[in-house]
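Enquirer: Dropping the structure in here first, questions after.
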Amino acid sequence: MSAPEIIFDEVSKFYGEVLGVNRVSLRIPPGITSLVGPNGSGKTTLMNLMTGLVHPDRGRISVRGLSPRDPERLMRITGYATQYDAAPRGATGFEFVSTSLLLWGYSSTDARKLAWAALERVGLTEAASRKVAAYSKGMRQRVRLAQAIAHDPDVLVLDEPLNGLDPVVRAETIAMFRDCAARGRHVLLSSHVLQEVDVISDQVILIANGMIIAEGRIRNVRDEIEEHPSQFLIRCSGAPRVASLLFERDHISEVKVVDDRNGLLVMTRDRNQFASALNDIALAGHTIESVVPADENVDALYEYLIGGQR
Amino acid sequence: MSRDFRIRQIWTIARLELRRVFFSRRSFWVYGLALFPAVIFTIAAIAMTYESRTNNSAGAISPALLDSVREGERVEAVIERLGKPIRDVERTRRLREDDDKEETEVVSRWLRYWDGRRTANLHFRDGILETKWVRQIVSLERQRDAYNGMFHYYYLKLAIFFGCLGIFMNLFRGEMLDKTLHFWLLAPARRDVLLGGKYLAGLLAATIIFGAGAALTYVAMLWPVDASEARVFLAGPALTQILRYSASAILACLGYGGVFLAAGLLVRNPIIPAVVLLAWESINGFLPAVLQKISVLYYVQSLCPMPPPIDSGAPLLIRLFLAPAAPAPWPVALIGVCALTAVVLYFAAQAVKRLEINYAND
């Protein structure tokens, strides 16, 4: 049996005359998937569409085989920490998490236990009895996360979940995402912190102006962008000499000697020929200490794909 | 999911929502609307009790003596027969009856007597009794009429109407403004279940608030009435009256609640449906019988124990506006409001299924 997926099939959403997303088709497998795009690109719209907070004007959405128009079954397996900062007036952190669990059909006792467990996971037990309205931004972020994970969902949807978290909680939260992903669950998150996305995501979805411009594993996405030369950072001795040798090759478009003169930043249009050239240079007696891709990260992909739109 | 589970969800939603409805800052004025008549009746009761006590301390005469006073009697004869009045005020005025005549001096004297239940205000002009005005300070009949008028014209037409507007419109619209509606939409509950839970919360809150207001007003209405008279009334028709007033108040909350809940989902500005419905309910008396039945007020007034009082001296247009349609039998009234509510809730359920979170536009 194939793994359950989140499917967007030719989905479009307009807010009046304003485009939300346009003809989005996606198949998102379990694991950690990051939605990356500039403000207003359609990330939140995609999340709202898959949780039924907004409805598509065209197309079909399926979340592990369930329709967002069936919240009774969908939200049983889904937890969504939205970007909306408001909380029910007067509710404490504990009430905020536990009362929502009552709607899942848990008894008061079970709801209390699950709420404490969720608050513990996000490090909010000490502030649990304080009103959410008095929380800091980071604490409100955490309490929303606690509410989303409290019923142990199969699909976790998180809008900018790492904003405002301190380093310790951030690391614990990322570990929690990884744990969920390892158990075959979906973790779909949006983030502006590209380095973070790079580190934690199994795959990325790059979105701009309501359209998907790339999706998949970061490496695969990078490979698909043929028009942009690949960048490599080479650590070697005799960098100027190695640079001149590389320049003799047709596929090399640019070589820069790095500031300490013990390395080169190379741009190539053909990764295979580049590997072969490096082999030749090494055989010719030059010491190549390391070669690492310099643009296999979301920052670079973002720059290549979205460019000036950021 | 089983039906039992959904019913439990409706109850859970209603319980969670009730606290917000009762303690929302947006709902506080509803308490004012509901309790205003109780406050007025209480103030009136205190005033009546105070007046009775003051009069008693000044001395009461027998009812027969009070009734014996006739217009045309001289003031000295009245004082000699009835004794010292509880109030005696004399004033002299100069009057000119025609422009060309000289001014004449007129002596007016007001005496007040008290027989334990009634006051008689006697106005003497130049020592001759000109007018006699007898007023019973506390009258059960008058109190009941006052309550009935208050219930029809204030409670049903204004307080419950605008109270339900405030409570039920806020169930969805208020959460949209607070940007908290998404919490409900992200619960594993069908949208119509959510609607049912919120409607139940609104209905319970409105029923409790206005039921308590009406009951308190009823108590305040009976407070100044003579204890023995009140006991007889309570043992007799009072219970039926209270039940019928309560039933019509609950039905009004049921009907107006449904209408305003649907309106809150279908339109953004609550003023528009409120004005339209208020206008519709106001002109209801002029409409053909079939159209009259498409009204909440028609059914709930049918359940009241007494028709709305209309002052025979009021202008014709006012009387036409206030005139109620021929009342429906109580089972028809009950079924009528329930059917009307079911229809509007059906449309509300369709609207809530299409509901989207778009706080930026609300």
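Enquirer: Which whole-number percent gives the relative contact order of chain B, counting Cα pairs below 8 Å spaced six or more residues apart?
Expert: 20 percent
Enquirer: In addition: Modelling each spin label as a point 7 Å along the Cα-to-Cβ direction, I'd like the A:Q83/A:R178 distance in nm, to one decimal.
Expert: About 2.7 nm, to one decimal.
Enquirer: Let me ask another. Nearest 100 Å² is fine: how much accessible area is buried between A and B, summed over both sides, with a 1.4 Å probe?
Expert: For A against B, buried area totals roughly 2600 Å².
Enquirer: Choose one of A:S129, A:I213, A:L245: the residue whose Cα lies farthest towards the positive end of the charge dipole of chain A (beta-carbon charges +1 Lys, Arg; -1 Asp, Glu; about the Cα centre).
Expert: Ranked along the dipole, the leading option is A:S129.
Enquirer: Principal axis lengths of the range B:104-197 from Cα atoms, whole Å, largest first?
Expert: 85, 32, 18
Enquirer: If the cut-off is 23 Å between C-alpha atoms, which lysines fall inside it for B:K132, apart from same-chain ones fewer than 8 positions away?
Expert: B:K84
Enquirer: Let me know the Rg and Dmax you get for chain B when you use only its Cα atoms, in Å.
Expert: Expressed in Å, the Cα Rg and Dmax of chain B come to 27.7, 96.
Enquirer: Follow-up. Give me the percent relative contact order of the range B:59-136, please, defined on Cα pairs under 8 angstrom at least 6 residues apart.
Expert: Reported relative contact order: 32 percent.
Enquirer: Let me ask another. Anyone know which of B:E229, B:E71, B:E281 comes out most mobile in the 10 Å Cα GNM of chain B?
Expert: B:E71
Enquirer: Counting each pair of different Cα atoms once, what's the Kirkwood radius of the range B:174-269 in Å, rounded to one decimal?
Expert: 16.2 Å
Enquirer: Run the dipole for the range B:1-55 about the Cα centre, Lys and Arg Cβ at +1, Asp and Glu Cβ at -1, nothing else charged, and hand back the magnitude in debye, nearest 20.
Expert: That gives a dipole near 440 debye.
Enquirer: Name the residue, out of B:A47, B:A206, B:A235, whose mean-square fluctuation peaks in a Gaussian network model built on chain B with Cα pairs under 10 Å.
Expert: For chain B, modelled as a Gaussian network with Cα springs under 10 Å, the answer is B:A235.
Enquirer: With r defined as the distance between the Cβ atoms of B:S68 and B:A212 and R0 fixed at 56 Å, what FRET efficiency is calculated, to the nearest 0.05?
Expert: On the way: r = 47 Å, r/R0 = 0.84.
Computed FRET efficiency for B:S68 and B:A212: 0.75.
Enquirer: Next question, about the same structure. Among DSSP bridges having both ends in chain A, what percentage is antiparallel? Round to the nearest 5.
Expert: Bridges in chain A that DSSP calls antiparallel: roughly 65 percent.
Enquirer: For the protein assembly as shown, give the magnitude of the charge dipole about the Cα centre (Cβ charges: +1 Lys/Arg, -1 Asp/Glu; no others), in debye to the nearest 20. Intermediate results must be reported in sequence, preceding the final value.
Expert: Values: 76 positive and 70 negative charges, 394 e Å.
Roughly 1900 debye, rounded to the nearest 20.
Enquirer: Between A:A300, A:P229, A:F14, whose Cα lies farthest towards the positive end of the dipole of chain A when Lys and Arg beta carbons carry +1 and Asp and Glu beta carbons carry -1, centred on the Cα centre?
Expert: A:F14
Enquirer: What whole-number distance in Å separates the alpha-carbon centres of the range B:166-239 and the range A:174-213?
Expert: About 48 Å separates the Cα centre of the range B:166-239 from the one of the range A:174-213.
Enquirer: Still on this structure, please answer the following. Please work out the Cα center distance from the range B:29-82 to the range B:333-362, rounded to the nearest Å.
Expert: What the calculation gives is 52 Å, centre to centre.
Enquirer: For a Förster distance of 30 Å, can you work out the FRET efficiency between the beta-carbons of B:A326 and B:V276, rounded to the nearest 0.05?
Expert: Efficiency at R0 = 30 Å is approximately 0.75.
Enquirer: Counting heavy atoms of the protein chains only and a 1.4 Å probe, report the per residue accessible area for the range B:56-186 as a whole number of Å².
Expert: Computed with neighbouring chains in place, this is 50 Å² per residue.
Enquirer: Summing -39500 (n - 2.57) over the DSSP H runs of n ≥ 4 in the protein assembly as shown and dividing by its residue number, what mean residue ellipticity at 222 nm do you reach, to the nearest 500 deg cm²/dmol?
Expert: The helix-only estimate for the protein assembly as shown comes to -16000 deg cm²/dmol at 222 nm.
Enquirer: When the Kirkwood radius is taken over all Cα pairs of the protein assembly as shown, what Stokes-Einstein diffusion coefficient follows at 20 °C and 1.002 mPa s, in µm²/s?
Expert: Stokes-Einstein gives a translational diffusion coefficient of 68 µm²/s.
Enquirer: Using the Kirkwood formula over every pair of different C-alpha atoms, what hydrodynamic radius in Å results for the range A:62-172?
Expert: 14.2 Å
Enquirer: Additional query: So which lysines pass the test for A:K13, namely a Cα distance under 19 Å, with those fewer than 8 places away in the same chain ruled out?
Expert: Cross-link targets: A:K43, B:K353.
Enquirer: Counting pairs of Cα atoms in the range B:59-136, how many percent are more than 21 Å apart? Spell out each step's value before the answer.
Expert: Values: 905 of 3003 pairs.
That tail contains 30 percent of the Cα-Cα pairs.
Enquirer: Grab the Cα-Cα distance for B:I43 and B:E130, subtract it from 0.36 nm times how many residues apart they are, and report the gain in nm with one decimal. Each step should come with its number before you reach the end.
Expert: Numbers: separation 87, 0.36 × 87 = 31.32 nm, distance 3.27 nm.
Net length gain for the segment: 28.0 nm.
Enquirer: Follow-up. Once you put a point 7 Å from the Cα of B:R53 and another 7 Å from the Cα of B:A339, both along the Cβ direction, what distance in nm separates them?
Expert: Distance between the two pseudo-spin positions: 5.4 nm.
Enquirer: Let me ask something else about it. Give the residue from B:L82, B:I128, B:L95 lying farthest towards the positive end of the charge dipole for the range B:59-136; charges sit on Cβ (+1 for Lys and Arg, -1 for Asp and Glu) and the dipole is referred to the Cα centre.
Expert: Final value for the positive-end residue is B:L82.
Enquirer: Mind putting a number on the dipole of chain B about its Cα centre? Charges go on the C-beta only, +1 for Lys and Arg and -1 for Asp and Glu, and I need it in Debye to the nearest 20.
Expert: Once rounded to the nearest 20, the dipole reads 1860 debye.
Enquirer: State, in angstrom, two size descriptors of the range B:216-356 derived from its alpha carbons: Rg to one decimal place and Dmax to the nearest whole number.
Expert: Radius of gyration, then largest Cα-Cα span, for the range B:216-356: 18.1, 61 Å.
Enquirer: Shifting gears a bit: What number, in percent, do you get for the relative contact order of chain A if the mean sequence gap of Cα pairs under 8 Å and at least 6 apart is divided by its residue count?
Expert: Reported as a whole number, the value is 19 percent.
Enquirer: Sticking with this structure for a sec: What accessible surface, in Å², does a 1.4 Å probe find on A:S34, ignoring ligands, DNA and RNA and rounding to the nearest 10?
Expert: Near enough 0 Å² of accessible area.
Enquirer: Taking chain B as a Gaussian network, where each spring joins two C-alpha atoms under 10 Å apart, which residue of B:P85, B:P307, B:P273 fluctuates the most?
Expert: In the Gaussian network model the winner is B:P85.
Enquirer: Report in % the part of the accessible area of the range A:50-111 that belongs to carbon and sulfur, leaving out ligands and nucleic acids; probe 1.4 Å. Walk me through the numbers on the way to the answer.
Expert: Working: 1080 of 2270 Å².
That share works out to 47 percent.
Enquirer: Now a separate question. Return the whole-Å distance between the Cα centroid of the range B:99-148 and the Cα centroid of the range A:230-269.
Expert: Measuring centre to centre over Cα atoms gives 115 Å.
Enquirer: For chain A, what's the radius of gyration and Dmax over Cα atoms, in angstrom?
Expert: Rg, Dmax (Cα atoms, Å): 23.3, 74.
Enquirer: Sticking with this one: What distance in nm lies between label points placed 7 Å from Cα along the C-beta direction at B:R94 and A:L265?
Expert: 11.0 nm
Enquirer: Would you list A:E289, B:E356, B:E80 from the most to the least accessible area, probe 1.4 Å?
Expert: B:E80, A:E289, B:E356
The values are calculated or read from the model by the stated rules, or taken from the named source; none is laboratory data. A quick note: this is a predicted structure, and the numbers were derived from the prediction, not measured. Cβ atoms come from the backbone with ideal geometry, glycine included; neighbour counts cover every protein chain shown. We work out accessible area using only protein heavy atoms, side chains counted, and drop any ligands, DNA or RNA first. Shrake-Rupley method; radii C 1.70, N 1.55, O 1.52, S 1.80 Å.
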